[in-house]
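Nothing in this text is a laboratory measurement; each read-out follows from the coordinates by a stated rule. Everything numeric in this text was worked out from a predicted model, so none of it was measured. Note that each Cβ is placed from the backbone with ideal geometry, even for glycine, and that neighbours are counted across all protein chains shown.
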Amino acid sequence: MVRDVEALIMEFHQKAYELVQAHADATEEEIAKLGKPLVDEYFRKLLDADPLTRYAQLEYMRSLTERARVELEYIVWYLENKDRIPSDVEPLYSDFLAMFEERGWDLSRIRWLLEQLENEMDEIDVETRRFLDAHNEQLTQMLLDDHVYDFSRRC
């Protein structure tokens with residue numbers, strides 16, 4: 001049974017949300033301890049997924065990282081230009097700003113996070129390209145096999 005991409009994305013979103021909720025109250029140190037094994041397990045599961053699910057996951061991850069990048073770029077811009085912005089102007093993503101202030105992150109730490117996010121986006125792009133190339137190769141092989149089979153039947 002083939003599931004549509006939207007249903008797959010929603011299922012993946014739910015699993016990602018549950019993962020985030022499971023570690024929402026953890027301290028940064030606890031998350032750091034869990035980080036590497038959790039990421040390894042997550043990507044192992046992604047690699048074991050069927051092709052349609054894998055593609056949907058890559059696209060979903062890409063959309064999440066793009067959204068986070070836009071928010072981080074705005075926060076970097078806002079912090080760089082904070083002195084020139086009138087005090088009565090409410091910033092976008094104020095909850096995100098509050099979180100960074102609460103954790104004591106400065107502009108250089110946020111820039112570093114943005115750079116890490118852009119690197120992650122590049123890795124997702126490479127993985128997507130690799131996936132699509134393998135899929136195209138498989139389709140081409142199937143097409144050639146069908147033609148060879150038809151040719152051999154006619155001879």
Quick one: if you stick a label point 7 Å off each Cα along the C-beta vector at Arg62 and Glu11, how many nm between them?
2.1
Using only the alpha-carbon atoms of the range 51-154 as identical scatterers, what base-10 log of I(q)/I(0) does the Debye formula give at q = 0.12, 0.18 Å⁻¹?
-0.59, -0.91
Kindly write out, for the range 113-119 in residue order, the coupling ³J(HN,Hα) from the Karplus curve 6.51 cos²θ - 1.76 cosθ + 1.60 (θ = phi - 60°), rounded to whole Hz, with x marking Gly and Pro.
4, 4, 5, 4, 5, 5, 4
What FRET efficiency comes out for the pair Glu71/Thr128, r = Cβ-Cβ distance, R0 = 25 Å, nearest 0.05?
0.70
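Net charge near Ala68, counting Lys/Arg +1 and Asp/Glu -1 over other residues with Cβ under 13 Å of its Cβ?
Details: positive: Arg62, Arg67, Arg69; negative: Glu66, Glu71, Glu73, Glu115, Glu118, Glu120.
Here the count lands on -3.
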